[in-house]
Amino acid sequence: MLSSKVVYILRYFDSTGLAESSRILLTAAGVEWIEEHPEWPQEKPNQPHGRMPVLIEKSTDGSPDFVICESSNIERYLARTYGFLPVDFKQAALQEQVRDLISD
């Protein structure tokens, strides 16, 4: 878990799509988050690798923002950060396998 308070910004289109799992994880974690809907394609060059969804983790202690993209990467990061994945590597692999079955 994180020691200092963080606020998240989730950037994606104003639709369900690839960011829906991240929305659910953020809500289930009970953390503070907001959603932004950048103008597309005008804002594409300003996103990491020109992709969305994007998760921005803003810390209240003044440390630099942490910015990642790609839906699966965001989901794994949030799941690990907030304890939604088992600590045991084998159990975690089995759980992630089920997630990958759904997305493949």
Ordering His37, His49 by accessible area with a probe of 1.4 Å, largest first, what comes out? His49, His37
Whole percent per 5 Å bin, from 0 to the bin with the longest distance: what is P(r) over all C-alpha pairs of the chain? 2, 11, 22, 23, 18, 14, 6, 2, 0
Given a 1.4 Å probe and the protein chains all in place, what does the accessible area of Glu39 round to, in Å² to the nearest 10? 120 Å²
Accessible area of the chain with a 1.4 Å probe: how many percent of it is carbon plus sulfur? 55 percent
Accessible area, 1.4 Å probe, largest first: how do Lys58, Lys90, Lys5 sort? Lys90, Lys5, Lys58
Check cross-link reach from Lys58 to the aspartates and glutamates: straight Cα distance under 19 Å, and skip same-chain residues fewer than eight apart. Glu32, Glu35, Glu36, Glu70, Glu75
Counting only the heavy atoms of the protein chains, how much of Arg23 is accessible to a 1.4 Å probe, in Å² to the nearest 10? 30 Å²
If I take every Cα pair under 8 Å that is 6 or more residues apart in region 13-73, average their sequence separation and divide by the length, what percent do I get for the relative contact order? 29 percent
Could you rank Val87, Val98 by how accessible they are, 1.4 Å probe, largest area first? Val87, Val98
Over the chain, with the other protein chains present, what is the accessible area per residue in square angstrom, probe 1.4 angstrom? 64 Å²
Helix-derived [θ] at 222 nm for the chain: sum -39500 (n - 2.57) over DSSP H runs of at least 4, divide by residue count, nearest 500? -10500 deg cm²/dmol
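The values are calculated or read from the model by the stated rules, or taken from the named source; none is laboratory data. Just so we're clear, the structure is a prediction, and the values are computed from it rather than from any experiment. Accessible surface areas use protein heavy atoms only, side chains included; no ligands, DNA or RNA. Shrake-Rupley method; radii C 1.70, N 1.55, O 1.52, S 1.80 Å.
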